[in-house]
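Student: Have a look at this one.
Quick note: the coordinates plus some simple rules give every number you see, no bench work behind them. All values derive from a computational prediction rather than experimental measurement. Here the Cβ positions follow ideal geometry from the backbone for every residue, glycine too, while neighbour counts run over all protein chains shown.
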Amino acid sequence: MKDLVTAIGLVLVFEGLVYGGFPTLAKKLAQEAAITPERLLRIGGLSAMVVGVLIVWFARG
């Protein structure tokens, strides 16, 4: 449970870094995401999940 809370905290740190440090970039990325086809967003999201699982797997391995 401690690892889950830590992971959620890190996600919030990185999200906050993007929105707090680079708000113009965050707005541009949101606009791009809105016009990107769902299929590409899905592929990108699933790819990011796989890479994330692999990173955790190797780090914990």
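Student: So what is the calculated 222 nm ellipticity per residue for the chain, using -39500 (n - 2.57) for each DSSP H run with n of 4 or more, over all residues, to the nearest 500 deg cm²/dmol?
Tutor: The helix-only estimate for the chain comes to -31500 deg cm²/dmol at 222 nm.
Student: What list of ³J(HN,Hα) couplings, whole Hz, do you get for the range 38-55 from phi and the Karplus terms 6.51, -1.76, 1.60, once you set θ to phi - 60° and write x for glycine and proline?
Tutor: Rounded to whole hertz, the list is 4, 4, 5, 5, 5, 4, x, x, 5, 5, 5, 5, 4, 4, x, 4, 5, 4.
Student: I'd like the Karplus ³J(HN,Hα) series for the range 17-27: coefficients 6.51, -1.76, 1.60, θ = phi - 60°, whole numbers in Hz, and an x wherever there's a Gly or Pro.
Tutor: The phi angles translate into 4, 5, 6, x, x, 9, x, 5, 4, 4, 5 Hz.
Student: Where does each of Met1, Met49 land when they are ranked from fewest to most other beta-carbon atoms within 10 angstrom?
Tutor: Met1, Met49
Student: Label Val50 and Glu38 with points 7 Å out from Cα along Cα→Cβ: what is the distance between them in nm?
Tutor: Here the modelled spin labels are 2.1 nm apart.
Student: Between Ala26, Ala48, Ala34, which gets the highest mean-square fluctuation from a Gaussian network model of the chain, Cα cutoff 10 Å?
Tutor: Greatest mean-square fluctuation among the candidates belongs to Ala48.
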